[in-house]
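What follows is one structure encoded as structure tokens, with my remarks underneath.
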Amino acid sequence: MFSNFQHLIDLNDYPVAWWNSLLELGVDIKNNPEKYAHECDNKIMATLFYEPSTRTQMSFQTAMLRLGGRIIGFDNPATSSVSKGENLKDTTKVVSNYADILVIRHPVAGSAKAAAISADCPVINAGDGGHLHPTQTLTDLLTLKIEKNKLSDMTIGLCGDLVNGRTVHSLCKALSCYKNNKFILISTPELKLPFYIKDIITANGSTFEEASSIEDVIDKLDVLYMTRIQRERFTSEQEYLAQKNIYVLDRLKMIKAKKDLIVLHPLPRVDEIAIEVDDDPRALYFNQAKYGVYVRMALILTMLKSQASSELLKGKVHNGIRCKNPKCITNSELYLPASFTGSGDNTLIECEFCDERMLI
């Protein structure tokens, strides 16, 4: 299925050279903001946020305003026609006719790709459930470029909810494309990184190991990426409470770390980083949030200038088959095609919306 526009659904849809060009633009915007103050005069960005957000929503809005543009949209679907039962296709189709670019956050995996199929303007994925978060990854990459002056030859620790962490999934996929990066995955057995992300890491030539303790590995790390245990991704309060507070980064743990370690966090934090760590010069998560504005300014400019057609669905539609992932958008928006990659000949196929694998 084709679209008349380029969209950002998954960062890995683009080559690394494209990422690097966008990051260079982000650095130039940071250093020379006045050059870009009127780049989006008379342009409108729509933000459709179906779930709560502080940094992502406000940084996108700030980015557009600093480029001279205007914003429309909602930050609570209850205040829109979604509350009356309007489906994603209709909302996207209508709003994309009002705007030059559309940013969507949605709690269901694959929703950004579903929105892009019907949109009449470029669509940017601002997070689709526990699936992907490409603009946070661009923020993370810009942070590393500025603060570490490199994107390769690092040992990166990722800690917390790795199964539901869309920021973790996107970051692993991206950093594994740069040379000599190694991942240390710190989680409980219940919150381990999904197999398909591990497969991508190894397929890209990177390596990983798994650990259950921050203390055991922190001295090896160049980057520690902390994440919260996401209450909203659990099916019960009991399951959430069983995982809560297992991983807390504090001053004593930081004593064991390298002097040039940097600590990142996509935020919001709950209690997984003690407040005392904020005063450590290696704690860069607030700088990270600031850099998000620059990279989103770069992204808006890049997407608005790119009008080439792109193929959104490249696989085969399997009529009568639905994705087995209950959190996939195809199981709530039933008009969407059941499109899968893979031959389906006694082997795995993969949902094109949420990347869930299944046998047929």
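The values are calculated or read from the model by the stated rules, or taken from the named source; none is laboratory data. This structure is a prediction, so every number in the text was calculated from the model and none was measured. Here the Cβ is made from the backbone with ideal geometry for all residues, glycine too, and neighbour counts use every protein chain on show. SASA here: full protein model, heavy atoms, side chains in, ligands and nucleic acids out. Shrake-Rupley method; radii C 1.70, N 1.55, O 1.52, S 1.80 Å.
Of all residues in the range 83-93, those being more than 22 Å from the chain's Cα centre (by Cα) and under 22 Å from Lys305 (Cα atoms) number 1. Cβ-Cβ contacts under 8 Å between residues 6 or more apart (or on different chains), taken from a first residue in the range 253-269 that is closer than 30 Å to Gln57 by Cβ to a second residue that is small (Gly, Ala, Ser) and in a helix (DSSP H, G or I), are listed as Leu267/Ala289.
Of the residues in the range 309-332, not one is part of a loop (DSSP other than H, G, I, E, B), open to solvent by 50 Å² or more (accessible area, probe 1.4 Å) and over 29 Å from Glu86 (Cβ atoms).
Within the range 54-89, take every residue that is in a helix (DSSP H, G or I) and without any contact (Cβ under 8 Å) to a residue 12 or more places away in the chain and give me the one that is farthest from Ala112 (Cα to Cα).
Step one: of the range 54-89, the residues in a helix (DSSP H, G or I) are 55-66, 77-79, 81-84, 88-89.
Going one step further and asking which of them are without any contact (Cβ under 8 Å) to a residue 12 or more places away in the chain, we end up with 58, 65, 78-79, 81, 83-84.
On the way: Met58: 19, Leu65: 23, Ala78: 19, Thr79: 20, Ser81: 18, Ser83: 19, Lys84: 21 Å.
Among residues in the range 54-89 that are in a helix (DSSP H, G or I) and without any contact (Cβ under 8 Å) to a residue 12 or more places away in the chain, the one farthest from Ala112 (Cα to Cα) is Leu65.
Within the range 227-241, is even one residue at pLDDT 95 or above and either of a type outside the set (A, V, I, L, M, F, W, C) or within 30 Å of Ala17 (Cβ to Cβ) (or both)? No, the conditions are met nowhere in the range 227-241. Note on the range 174-188: among residues that are of a type outside the set (A, V, I, L, M, F, W, C) and at pLDDT 95 or above, the one that is nearest to Glu272 (Cα to Cα) is Lys182. Here is a check on your reading of the model: is Gly157 closer than 17 Å to Leu8 by Cα, touching a strand residue (DSSP E or B) at 6+ places or on another chain (Cβ under 6 Å) and not aromatic (Phe, Trp, Tyr)? No; evaluated as a whole, the condition is false for this residue. Summed over the range 249-266, residues that are touching a helix residue (DSSP H, G or I) at 6+ places or on another chain (Cβ under 6 Å), under 27 Å from Leu138 (Cβ atoms) and assigned to a loop (DSSP other than H, G, I, E, B) total 3.
Screening Asn149 against (1) over 19 Å from Ile200 (Cα atoms); (2) under 15 Å from the mean Cα position of the chain (by Cα); (3) polar (S, T, N, Q) leaves a single unmet condition, (2). The sole residue among Leu142, Leu138, Leu158 that is more than 13 Å from the chain's Cα centre (by Cα), in a helix (DSSP H, G or I) and buried (at least 23 other Cβ atoms within 10 Å of the Cβ) is Leu142. Among all positions in the range 44-53, there is no residue which is surrounded by 16 or more Cβ atoms within 10 Å (Cβ to Cβ), assigned to a helix (DSSP H, G or I) and not aromatic (Phe, Trp, Tyr). When His131 is tested against (1) within 30 Å of Lys259 (Cα to Cα); (2) in a loop (DSSP other than H, G, I, E, B); (3) open to solvent by 10 Å² or more (accessible area, probe 1.4 Å), just one condition goes unmet, and that condition is (1). Taken over the range 188-226, residues that are open to solvent by 10 Å² or more (accessible area, probe 1.4 Å), hydroxyl-bearing (Ser, Thr, Tyr) and touching a residue at least 60 places away in the same chain (Cβ under 8 Å) amount to 1. Given the structure, is Asp120 more than 11 Å from Ile9 (Cα to Cα), out of contact with any strand residue (DSSP E or B) (no Cβ under 8 Å at 6 or more places or on another chain) and surrounded by fewer than 23 Cβ atoms within 10 Å (Cβ to Cβ)? Answer is yes for this residue.
Among the residues of the range 78-92, those identified as within 16 Å of Pro52 (Cβ to Cβ) and surrounded by 13 or more Cβ atoms within 10 Å (Cβ to Cβ) are Ser80, Val82.
Taking the stated definitions as given, is Asp100 open to solvent by 10 Å² or more (accessible area, probe 1.4 Å), within 19 Å of Phe208 (Cα to Cα) and acidic (Asp, Glu)? Talk me through it step by step, then tell me what you get.
Details: open to solvent by 10 Å² or more (accessible area, probe 1.4 Å): yes; within 19 Å of Phe208 (Cα to Cα): no; acidic (Asp, Glu): yes.
No; evaluated as a whole, the condition is false for this residue.
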